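Scroll down for the structure; my scribbles are underneath it.
The values are calculated or read from the model by the stated rules, or taken from the named source; none is laboratory data. Everything numeric here is computed off the predicted structure, so don't read it as measured data. Ideal geometry is used to build each Cβ from the backbone, glycine not excepted, and the neighbour counts take in all protein chains shown. The area values use the complete protein model at the heavy-atom level, side chains included, leaving out ligands, DNA and RNA. Shrake-Rupley method; radii C 1.70, N 1.55, O 1.52, S 1.80 Å.
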Amino acid sequence: MEFSEKITNRIGGETLTSCYQCGTCVSSCPIARITSEFNPREVIKLAQLGVREEVITGDAIWLCTSCYNCNERCPQKVEIAEVIYAMRNMAFEASNKPAIYAEFASAFKEQGRVVPVSQFVEKKRADYGLPPLQPTGVEALQKILAALSFGKTSSKEGEDK
Amino acid sequence: MEEARVGVFLSDGGGYLSTILDLNAIKSYVEKLSNVVQVEMRSDFSWGEDLQIIIDAVKSGKINRVVATHNLLSLGDVKIVQAIEKAGLNPYLVTVLNLKDYCAWPHQDKPDEATEKAKAILLAAVERSKLLEPIKRLEFPTLKSVLIIGAGIAGIQAAMSLSELGYEVHLIEREPFIGGLAARAGRFFPTDDCALCIQSPCSDVKTITDTSRKCVYRSGFSEIPNLNILTNSRVLSVQGVPGKYTVGIEKRPRYIDEDKCIRCNLCTEICPVEVPDEYNVNLKTRKAVYINIPYSYPPVYVIDEDACKFHECEKCVDVCPTNAIFLDQKPEKISLNVGSIIVATGFEIYDSAAIKEYHYDDYPDVITNLELARMIDAFGPTEGAIIKPSNKQPAKKIVFIQCVGSRDQRHKKYCSSICCMISLKHAIQIKEAFRNMDITICYIDIRTTGREHEEYYERARALGIKFVKGRPTEVTHDPESNKLTVDVEDALLRRLLQLQADLVVLAPAMVAARGSEELASMLGLELDDDGFFKEYNAKLRPTETKMKGIFICGGATFPKDAPTSSIQAHSAALKASKFLSEGKIVKDQVTAVIDEEYCGDCEFCPVTCPFGAITLEPITEGHFVAKVSDLLCEGCGICVGTCPLHAIELRHYRSDQMRAEMQALLSLNEKSKPLIFVFACKECGGTADDAVAMAMKQYGSNMRVMKVPCTGIVRVEQILEAFKMGAQRVVISGCKSDGCHYETGVQIVEKRVELARQILKEMGIEPGRLLLFKSVFIEGLGILKVAKGAIKWLEKIGPLQLAEDA
């Protein structure tokens, strides 16, 4: 199966092929404004042309902040941020992931939160008059995650490799 | 009715057919059929001595029904039918078959089976013949006059053509001045000449002095005696039938006599009321009595009803030197009798405010290309100066943004096709006048597809106009500097640009004219998903509509440039002329007919008829029956298949005729098994057997084909009947879903197939025994797969077992 087809077969990746390279996403993108490392139009084009390695092993897809400006403005209704999520999942399966994401994953699994709660956070909340954070019910979450093979997906070698 | 005496005439192709078919056996089989009084076998009954035999038999009165065969895939049958008609027999009593291409050739490897199928085909023709009835030829009178709705480029051109051809032409325009969108555009590509010029036939009339061939104001086209121009007018109602419509028109008052006004401008000078001049981009104001542009046509002022103070003021009345102003003019109701109608309502621009990120409504210096055109026009509000509307200062930097709402799934998904050229034209005009102007065009793709269009792109580059490949995300405005910034990525540089601009010019999508929906419902026309009028066939009949007598041209079907609108206008004029030239419509009565005894108030058929040919007529209090217009009915039979009470028949495809044919086709099958029965339409879908014959391919003689006008005529009961008569599988061979020659036939039959499958399932019969095959001619060979697949599948599931009472 073509790389682009693998993307469009995934949840979120369906709209990849609609892109006609107008670049509205790029001029809408706050990240493209500060670094030329990330150009959503280019990421989409690479994916359309099937340049898998560059997409999967490169840094670009991890630079998206999911602000959805591009989705909002795209005249072809390409859900760029969602397509990038689909590609991130593929990269994850191929064990190409920035270290921080593994930390997010384990924090989520162990504490039920992506961002670990530190004393600093607790103090800040108290300063703002917010109530202390409640336990997350992580046991139930862990059961669900186990049923979904969450741990396995995040650590196994990707099928694509 | 007189008893049928059938003559059967077999063409053996100089003996060629005998190499496959046992023609002698076939002949003696046919001779024994009831009502067959004469059987002849010759080389070719489509011409010469052989044809004369049929003619003599008809003339002598020996036969009153003809079944003849010929061996040509082309229309050899036409010659035979025409000759017999000339001999005095109604052409609908003649059946012409082709045994070579539909029987001998495709089954040549199995001559026995082919012979058996030939007998079945001839039996079917004879049985059907016995039930045929003569069909009358009808005449409907038509008026030699045409109504043209919309006086833009297309409407004016069509009016010129038709008035030149001698028709009485009524050209109506809802605005007070003609010219439509074109008049506002200033100049045209690719001719670079004035937008509002016309090719008037009056320029050929040398008695009119000072006429110009083209300039609208002195073309003399208002003097054409058979051309009636009605401005400020709109269509209120359309009644009648093709060839004879009565159109109700409302003409709003102009308050100024068109004959008396000498355009002295005194009224405008004295008028105390000033309102924004929308026509001229609100860049100036105008008075309540005004003229849009100095060269507007007709060259007569008009009073703005919403602004004028009428009798409270009357200053214009007092000052008018020719007493041309009448403040008490009332709207006029006009009734026109016309034979044909041409829709030339054009298109308009999409509301740019809908694309919020470009802030058309928020920033006065963001304008549309139409507004820019008014600035470029030397007669316009700025007399050709390119200014910032916010402060009236000259603009030095202009950024054009293309595809504003076009090619946009959130707005208009199509390419509006002319905006690239409009922007190139404007940019060139500005750059040629102001060499220091900094112009950038932001584009997704530059589309210059017409003749001499690419030259505009070349000229623009040569003049130093800059191009950025990218669609801007947003226009922002800095209140301090009063400058605009356009955020765009140049994809070729892979770099973000922030383009500074004094003026941003949007190229909005072109959309259907407002009021199209209302007009379409008055005329019985359909609109497409984008709101444009639907033509009959984009390739072959682009200026016709499904309503006979109603034609269409220009931007009403899709945004077009002036040359294309002009071509279409002349095409529509030709079609209207062809329709009206005889003074009558001659048409065979191959139409649907209602059995009023069974028909009862259900309203299915009027809704289903694609041509609006069926109406409900009151018979007694609260009781309606359907009535078919012989003029409008196209003879497809979709209503026949739809009627739940079997109260409709097609005169030349009655159910009893079809049943007799089916029964015969399915009766002879000692050798040809398992029987597959095909209902094939006479249009694209039914050409599958032609395709197979032309490609000289073979299929089993177990496939028996009955032609019908449209698959939409096939009723669920007929499908079940075919099974009962012995078919092991039934195939419906029709056109592609969007290619039905009667608009909806195949879509309707698709639903019926679903229903029939459910019924089959209920009856314990495999629903797969019923198949819908849709094709155009070039896909026709697909029927071979259907035929082969059917045999395999039927072998697997075994013969159809019907209970006795089924």
| note | Condition set in contact with a Ser or Thr (Cβ under 6 Å, 6 or more places away or on another chain) and more than 30 Å from B:CYS403 (Cα to Cα), scope region B:336-359, selection surrounded by the fewest Cβ atoms within 10 Å (Cβ to Cβ): answer is B:ASN337
| message | So the check is Cβ under 9 Å with 6+ separation or different chains; which pairs have a first residue in region B:284-310 that's closer than 16 Å to B:ARG174 by Cβ and open to solvent by less than 30 Å² (accessible area, probe 1.4 Å) and a second one that's among the acidic types (Asp, Glu) and outside any strand (DSSP E or B)? | response | B:ASN292/B:GLU175; B:ASN292/B:ASP277; B:PRO298/B:GLU258
| Restricting attention to region B:575-596, does a residue exist that is in contact (Cβ under 8 Å) with a residue 12 or more places away in the chain, of a type outside the set (Val, Ile, Thr), open to solvent by less than 30 Å² (accessible area, probe 1.4 Å) and more than 30 Å from B:ASN90 (Cβ to Cβ)? | yes
| task | Among the residues of region B:1-48, write down those that are touching a Gly at 6+ places or on another chain (Cβ under 8 Å) and under 11 Å from B:HIS70 (Cα atoms). | result | B:SER43, B:ASP44, B:SER46
| remark: Given the conditions (1) within 20 Å of B:LEU132 (Cα to Cα); (2) touching a His at 6+ places or on another chain (Cβ under 8 Å); (3) among the acidic types (Asp, Glu), every one holds for B:GLU2 apart from (2)
| note | Every listed condition ((1) within 14 Å of chain B (Cβ to nearest Cβ); (2) closer than 29 Å to A:LEU145 by Cβ; (3) open to solvent by 60 Å² or more (accessible area, probe 1.4 Å)) holds for A:ASN69 save (2)
| message | Step by step: first the residues of region A:28-46, then only those that are at the interface with chain B (Cβ under 8 Å from one of its Cβ atoms) and assigned to a helix (DSSP H, G or I), then the one that is farthest from A:SER66 (Cα to Cα). Which residue is that? | response | A:GLU42
| task | List every residue pair whose Cβ atoms sit under 7 Å apart, with the two residues 6 or more apart in sequence or on different chains, where the first one lies in region B:391-416 and is at the interface with another protein chain (Cβ under 9 Å from one of its Cβ atoms) and the second, anywhere, is of a type in the set (S, T, N, Q) and open to solvent by 20 Å² or more (accessible area, probe 1.4 Å). | result | B:GLN409/A:GLN76
| Of the residues that make up region B:433-442, is at least one touching a strand residue (DSSP E or B) at 6+ places or on another chain (Cβ under 6 Å), surrounded by fewer than 17 Cβ atoms within 10 Å (Cβ to Cβ) and either farther than 17 Å from A:SER28 by Cβ or within 10 Å of another protein chain (Cβ to nearest Cβ) (or both)? | no
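So that you can scan it fast, the table gives a plain yes or no per residue for (1) open to solvent by 10 Å² or more (accessible area, probe 1.4 Å); (2) of a type outside the set (Phe, Trp, Tyr); (3) away from every other protein chain (no Cβ under 14 Å):
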| site | (1), (2), (3) |
| --- | --- |
| B:GLU480 | yes, yes, yes |
| B:VAL488 | no, yes, no |
| B:ARG495 | yes, yes, no |
| B:ALA509 | no, yes, no |
| B:ASP530 | yes, yes, yes |
| B:TYR536 | yes, no, yes |
| B:THR543 | no, yes, yes |
| field | Identity of the residue in region A:50-60, farther than 21 Å from B:ARG495 by Cβ and not in a loop (DSSP other than H, G, I, E, B), that ends up nearest to the other protein chains (Cβ to nearest Cβ) | value | A:VAL55
| note | Pairs returned, first residue in region A:107-123 that is outside any helix (DSSP H, G or I), second residue that is loosely packed, with under 13 Cβ neighbours inside 10 Å, beta-carbon separation under 7 angstrom, 6 or more apart or interchain, are A:GLY112/A:GLY137; A:VAL117/A:LEU133
| query | Tell me, which residue of region A:13-27 that is open to solvent by 10 Å² or more (accessible area, probe 1.4 Å), within 10 Å of chain B (Cβ to nearest Cβ) and part of a helix (DSSP H, G or I) is farthest from B:THR473 (Cα to Cα)? | reply | A:SER18
| In region B:770-799, what residues are part of a loop (DSSP other than H, G, I, E, B) and surrounded by 19 or more Cβ atoms within 10 Å (Cβ to Cβ)? | B:SER775, B:GLY780
| Given (1) without any contact (Cβ under 8 Å) to a residue 40 or more places away in the chain; (2) polar (S, T, N, Q); (3) under 30 Å from B:GLY549 (Cα atoms), index of the condition B:ASN337 fails | (1)
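Residue-by-condition table, conditions (1) farther than 30 Å from B:LEU236 by Cα; (2) out of contact with any helix residue (DSSP H, G or I) (no Cβ under 9 Å at 6 or more places or on another chain):
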residue: B:CYS271; (1), (2): yes, no
residue: B:GLU278; (1), (2): no, yes
residue: B:THR285; (1), (2): yes, yes
residue: B:ILE293; (1), (2): no, no
residue: B:CYS313; (1), (2): yes, yes
residue: B:ASN323; (1), (2): yes, no
residue: B:LEU336; (1), (2): no, yes
residue: B:SER340; (1), (2): no, no
residue: B:ILE349; (1), (2): no, no
| task | Inspect all residues belonging to region B:461-471 and state whether any of them is touching a residue at least 24 places away in the same chain (Cβ under 8 Å), touching a helix residue (DSSP H, G or I) at 6+ places or on another chain (Cβ under 6 Å), within 14 Å of chain A (Cβ to nearest Cβ) and on the phi < 0 side of the Ramachandran plot. | result | yes
| Residues satisfying the stated conditions in region B:492-510, i.e. within 25 Å of B:ALA562 (Cα to Cα) and in contact with a strand residue (DSSP E or B) (Cβ under 6 Å, 6 or more places away or on another chain) | B:VAL505, B:LEU506, B:ALA507, B:PRO508, B:MET510
| request: Filter region B:36-95 for residues that are hydrophobic (A, V, I, L, M, F, W, C), in a strand (DSSP E or B) and open to solvent by less than 30 Å² (accessible area, probe 1.4 Å) and give the result. | output: B:VAL36, B:VAL39, B:VAL66, B:VAL67, B:ALA68, B:VAL94
| Out of all the residues in region A:72-112, which are more than 14 Å from chain B (Cβ to nearest Cβ), of a type in the set (Val, Ile, Thr) and under 17 Å from A:LEU16 (Cβ atoms)? | A:VAL83, A:ILE84
| Answer from B:THR268, B:THR322, B:THR246 - the residue that is part of a strand (DSSP E or B) and not aromatic (Phe, Trp, Tyr) | B:THR246
| task | May I ask you to say which residue of B:PRO106, B:PRO111 is more than 17 Å from B:GLN199 (Cβ to Cβ), open to solvent by 40 Å² or more (accessible area, probe 1.4 Å) and modelled with pLDDT under 95? | result | B:PRO111
| field | Hey, B:SER423 in contact (Cβ under 8 Å) with a residue 12 or more places away in the chain, within 14 Å of another protein chain (Cβ to nearest Cβ) and surrounded by 21 or more Cβ atoms within 10 Å (Cβ to Cβ) or not | value | no
